[in-house]
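Here the structure is laid out as structure tokens; the discussion comes afterwards.
The values are calculated or read from the model by the stated rules, or taken from the named source; none is laboratory data. All values reported here derive from a predicted model rather than from experimental measurement. For neighbour counting, all protein chains shown are included, and Cβ atoms are generated from backbone atoms with ideal geometry for every residue, glycine included. Quick note on the areas: whole protein, heavy atoms, side chains included, nothing else; ligands and nucleic acids left out. Shrake-Rupley method; radii C 1.70, N 1.55, O 1.52, S 1.80 Å.
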Amino acid sequence: MIEKKVPLSYYTTIKIGGVADYMAFPHTYEEVYHLLMWAKEKDLPVFFLGRGANTIFGDIKGVVINTKNLNRMKVKEEEDKVIVIAQCGVPLSQVVKLGVELNLEGIYRLAGFPASVGGAVAMNAGAFGFEVSKALKEVLFLDWEGNVERVSRKDLEFSYRKSPFPERGMVLEAVFEFKKAKESVKEEYERIKNKRKATQPINMPTCGSTFKNPEGNYAGYLLEKVGMKGYKVGGVAFSNLHANFLINLGKGSIDDVYKILEEAKRRVYEEFGIKLEEEVRIIESGSPYGRKV
């Protein structure tokens, strides 16, 4: 089913967004393929949307493919490891919860991440020394020509908050291999969860980390040093809890977002000579995150 003129603010964690000409909610990979071919026939750009974390939308003159119904997950337990096969729309929190229940290494460190599996792979989400790509075994994806490919992790290049997706296509499914931890992970998981609650505005509409950490430094530290903590433009502000978390005060717009990000980058560059790079993806019709197929 394809919906028309859909307000995008409902579909992002920061609750800011314009209007999408079309939004679709496929239940199968075959439906995704047909949507891609329909967009190609209509000469429309395609955008992929998971849970809308680290994403701020403007107006979209194209098709947004919402992955929330691609949410099936299989778990295979082996002697010293666990294989998890998760569709792109599975909430990452579901994998984290499984990691705590089965006492698995690494994944528990992403406690509190509001992403989907597809979004987490595309962003190479990470925290506290762990990145999604470290546990990734395979990716099933649909390329921009409509071909389904299954690729081993060793044949994909990941780096800090960067992956080959969506440039190569849409992540349909991820296969993870987690080692069973020798010591209990629950205490560390609770500590990380409590630290997030204390230091991040998780109860506010937020896009999460706004800027990537520059090499050898922290974006939050730099932003705080130049007075951006609590700084407000229109309906958006950098949080008083964490200077690298952008929050929506209630009526924030994408124009407010552009203005506050430019001010933050200007101040940090003038003070430290460092060019901050956005971690949040700002997506509009001319955005590199959408593709004409």
Q) Across the range 236-278, what is the total count of residues that are part of a loop (DSSP other than H, G, I, E, B) and open to solvent by 20 Å² or more (accessible area, probe 1.4 Å)? A) 11
Q. Tally time: how many residues in the range 148-176 are open to solvent by 30 Å² or more (accessible area, probe 1.4 Å), out of contact with any helix residue (DSSP H, G or I) (no Cβ under 9 Å at 6 or more places or on another chain) and of a type outside the set (K, R)?
A. 6
Q) Just checking, how many residues over the range 118-137 are of a type outside the set (G, A, S) and surrounded by 23 or more Cβ atoms within 10 Å (Cβ to Cβ)? A) 3
Q) Would you say L140 is open to solvent by less than 30 Å² (accessible area, probe 1.4 Å) and part of a helix (DSSP H, G or I)? A) no
Q.
Can you tell me which of (1) surrounded by fewer than 21 Cβ atoms within 10 Å (Cβ to Cβ); (2) closer than 30 Å to Y258 by Cβ; (3) at pLDDT 95 or above is the one I14 doesn't meet?
A. (1)
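Quick one: is E138 among the acidic types (D, E) and out of contact with any Ser or Thr (no Cβ under 7 Å at 6 or more places or on another chain)?
Judged against the criteria, E138 is not a match.
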Q.
Considering only the range 110-117, I want to know if a residue exists there that is at pLDDT 95 or above, open to solvent by 10 Å² or more (accessible area, probe 1.4 Å) and not in a loop (DSSP other than H, G, I, E, B).
A. no
Q | Those residues of the range 80-109 which are open to solvent by less than 20 Å² (accessible area, probe 1.4 Å), under 14 Å from A53 (Cβ atoms) and part of a helix (DSSP H, G or I), in sequence order | A | L92, V96
(Q) So, in the range 165-206, exactly how many residues are in a strand (DSSP E or B), of a type in the set (A, V, I, L, M, F, W, C) and under 19 Å from the mean Cα position of the chain (by Cα)? (A) 6
Q: Would you confirm whether any residue within the range 68-75 is open to solvent by 60 Å² or more (accessible area, probe 1.4 Å) and under 14 Å from F176 (Cβ atoms)?
A: yes
**Q.** Members of the range 216-235 that are surrounded by fewer than 18 Cβ atoms within 10 Å (Cβ to Cβ) and assigned to a helix (DSSP H, G or I)
**A.** Y221, E224, K225
Q. If only one of E262, E284 is on the phi < 0 side of the Ramachandran plot and either of a type in the set (K, R) or modelled with pLDDT of 95 or more (or both), which one is it?
A. E262
Q) If you scan the range 118-135, which residues turn out to be in a strand (DSSP E or B) and under 16 Å from F178 (Cα atoms)? A) G126, F130, E131
Q) Inside the range 24-67, can you point out the residues that are part of a loop (DSSP other than H, G, I, E, B) and open to solvent by 50 Å² or more (accessible area, probe 1.4 Å)? A) H27, T28, D43, R51, D59
